[in-house]
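Everything below concerns the one structure shown next.
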Amino acid sequence: MLSPAQGVDLGDQINQEFAQCPGGCTLNLGPGTFPFSTTIVMNRPGLQLRGAGGRATNLIFTGLSGAAIDMRMNPFTIDTHDAIQGMSIELSYPNTTALLTGDITSATYRDLWINCGGNPNTTGISILLQSGWFERNLFDSIDIKYCASGLLFAVDPKDSANSFGYNKFLQVGLNVGDDETGVVIDANVMLYHSILNLNVNMDTSRGNLFMWVGGVSHANTYQIVGEAVSPAVGIVVAPGGNWEDGDLTRGVVYLDNMTNYGIW
């Protein structure tokens, strides 16, 4: 079990530990606060990073760019069974991401508390396809707070795949502040046959919105609920985007004090 150590960069320490277990292993982090600036890389099957609890193990990413944790298969392979759970991730600066993932299947993300601190151009969880697809993954008990983009689905134009299928987003909570967006389903994304259990609190109403849809959401089951302190924007379907063919009946959608646009 790793504990905070003065003068030691946690990212370097974890990457070195993972390098010693090419067949996969579980690395446990004890309680405490861990400042670090080197991206933690999990790019092979069977790597698991476990903290002592969502608020007990606190990772403070002090890097000026990039991601605190990068969990993507390189090269891409299926049935990876990697996992991150039981920790908080806080961002210190703009232009950074708490968790960068994508190009992975059968992974678990559980008991995570992510806070971007209102820093500009930050992302809580970025699911980016560059060399594979994102299927059969589980998100459970995740809180994402005050990020320019809380949960981002995106596809690199170089990737021939656009599949975000059979995923479960269970109890994902978002706090959205000024000029922030809770969920972005970007152009070219195909999000389908997934469960979306999302709740949102819109703490302000200046330039923010809950969900922007530029890609396709198809045949998903969802429970999307939330509230805004003053009139705000809920779901926006952009030109070229498709939200269940305009159907909001596949489950529950209740966004108090929010107006939806582009849904017919």
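The values are calculated or read from the model by the stated rules, or taken from the named source; none is laboratory data. Here the structure is a predicted model, which is why all the values come from computation and not from measurement. Ideal geometry is used to build each Cβ from the backbone, glycine not excepted, and the neighbour counts take in all protein chains shown. Heavy atoms of the whole protein, side chains included, go into the accessibility calculation; ligands, DNA and RNA do not. Shrake-Rupley method; radii C 1.70, N 1.55, O 1.52, S 1.80 Å.
Tabulated values for the structure
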read-out	value
Phi to ³J(HN,Hα) by Karplus 6.51 cos²θ - 1.76 cosθ + 1.60 over segment 179-184, Hz, x for Gly, Pro	6, 10, 10, x, 10, 10
Stokes-Einstein D (µm²/s) once Rh is taken as the Kirkwood radius of the chain over alpha-carbon pairs, at 20 °C in 1.002 mPa s	116
Rg/Rh ratio calculated on Cα atoms of segment 30-130 (Kirkwood radius)	0.95
Heavy-atom surface of the chain, accessible at 1.4 Å and reported per residue (Å²)	41
Percent carbon-and-sulfur accessible area, segment 1-114, ignoring ligands, DNA and RNA, probe 1.4 Å	48
13 Å cut-off, amide nitrogen to a point 7 angstrom out along N201 Cα→Cβ, residues in segment 140-169	143-146
Accessible-area order (highest first, 1.4 angstrom probe) of the listed residues M258, M73	M258, M73
Using a Förster distance of 35 Å, the FRET efficiency for D256-A187 (Cβ separation, nearest 0.05)	0.75
